[in-house]
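All remarks here apply to the structure that follows.
The values are calculated or read from the model by the stated rules, or taken from the named source; none is laboratory data. Computed from a predicted model, the values in this text were never measured in an experiment. Note: ideal-geometry Cβ built from the backbone for every residue, glycine included; neighbour counts use all protein chains shown. Keep in mind that these areas ignore ligands, DNA and RNA; they rest on the heavy atoms of the full protein, side chains included. Shrake-Rupley method; radii C 1.70, N 1.55, O 1.52, S 1.80 Å.
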Amino acid sequence: MSEQLTLYLYKIELALAEANAPHRTYEVDLLNKPGWFASKVNPVGEVPVVTYGGPNVEPDDPSPLSAKIAESNVILEFLADLYPDSGLLPKDPVLRAKVRFFMDASTKHIEGSCYAFILGKESYDNILKGIEFIQELLEEGGDFAVGDHYTIADACISPFLARLKMVTETDLGRARARRFPVGMGYKLGEELKGPKFAKFMKYVQQMVNRPSLKQSNDEEFVITFFKTRFSERVQ
Ligand SMILES: N[C@@H](CCC(=O)N[C@@H](CS)C(=O)NCC(=O)O)C(=O)O
């Protein structure tokens with residue numbers, strides 16, 4: 001792949017790592033976003049975004065000639081298209097549909113409920129419901145979300161598995177003070193240890209142990225970010 005590819009993130013860059021895709025990253029400071037980010041990269045002001053192609057410029061001076069691609073799941077599909085031999089999307093149409101269904105389920109049932117819980121807006125009941133839904137999709141004894149290879153379905157859910165692991169081990173939302181019920185992160189962790197969620201937790205373990213996640217998931221950074229962000233929002 002000869003075209004330049006720059007990923008603007010604070011989120012993890014799993015699919016790129018799994019595809020061994022050469023790229024640059026630029027960590028956008030979401031608490032203090034540079035002006036050029038919205039005007040030149042993503043008018044919505046959200047990460048992740050990639051720029052692709054165009055001249056080889058510095059990430060903080062993006063070219064109007066590169067393509068700008070936003071939305072995590074769109075970016076994941078784009079990377080799978082760029083690297084068709086990576087296995088990020090299987091060749092078989094049924095498996096491809098299963099990958100996309102899993103991504104849709106993860107986005108609908110896990111992402112929102114994880115954020116809502118960490119932000120203190122909801123109890124963890126919806127997370128548990130989402131996990132039950134996802135668990136049904138997992139094959140007994142399988143290592144991956146779909147089939148026998150790492151796909152963008154795994155890349156889609158893994159950031160949330162890492163957050164989930166963090167909140168159950170650190171009770172992280174507590175830092176946001178006064179809204180996140182102290183101890184609920186730990187309590188969720190206890191619930192997930194039960195036999196009911198054994199298949200899901202085995203999958204979580206497989207995913208969080210992958211080198212791609214370990215390399216790109218900077219727990220300290222995310223904890224500090226969450227703490228700062230949350231404490232700023234508390235009146
Ligand atoms: N649906 C979008 C959501 C992206 C999103 O919510 N990004 C957050 C960080 S994870 C963001 O950039 N928020 C802007 C801000 O915090 O100012 C996607 O999946 O890419």
Please go through the stretch 144-174 and pick out each residue that is closer than 24 Å to SER123 by Cβ and among the β-branched types (Val, Ile, Thr). ILE157, VAL167, THR168, THR170
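Restricting attention to the stretch 55-69, does a residue exist that is of a type in the set (A, V, I, L, M) and at pLDDT below 95?
Going through the stretch 55-69, the residues of a type in the set (A, V, I, L, M) turn out to be 57, 65, 67, 69.
Within this subset, residues satisfying the condition of being at pLDDT below 95 are none.
Looking for residues that are of a type in the set (A, V, I, L, M) and at pLDDT below 95, one finds none in the stretch 55-69, hence no.
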Can you confirm whether LEU88 is open to solvent by 50 Å² or more (accessible area, probe 1.4 Å) and either modelled with pLDDT of 95 or more or in contact with a strand residue (DSSP E or B) (Cβ under 6 Å, 6 or more places away or on another chain) (or both)? no
Kindly indicate the residue of the stretch 16-49 that is assigned to a helix (DSSP H, G or I) and within 13 Å of the ligand (Cβ to nearest atom) and also most open to solvent (accessible area, probe 1.4 Å) among those meeting that condition. ALA38
Just name the residue that is farthest from LEU14 (Cα to Cα) out of those in the stretch 67-85 that are free of Cβ contacts under 8 Å to residues at least 24 places away in the same chain and either in a helix (DSSP H, G or I) or more than 13 Å from the ligand (Cβ to nearest atom) (or both). ALA67
Let me spell it out: the conditions are (1) assigned to a helix (DSSP H, G or I); (2) more than 15 Å from the ligand (Cβ to nearest atom), and LEU88 meets all of them except one. Which number is the exception? (1)
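Yes/no per residue for (1) open to solvent by 10 Å² or more (accessible area, probe 1.4 Å); (2) under 20 Å from the mean Cα position of the chain (by Cα):
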| position | (1), (2) |
| --- | --- |
| ASP92 | yes, no |
| PHE101 | yes, yes |
| SER106 | no, yes |
| ILE110 | no, yes |
| LEU119 | yes, yes |
| ASP143 | yes, yes |
| VAL167 | no, yes |
| VAL182 | yes, no |
| TYR186 | yes, no |
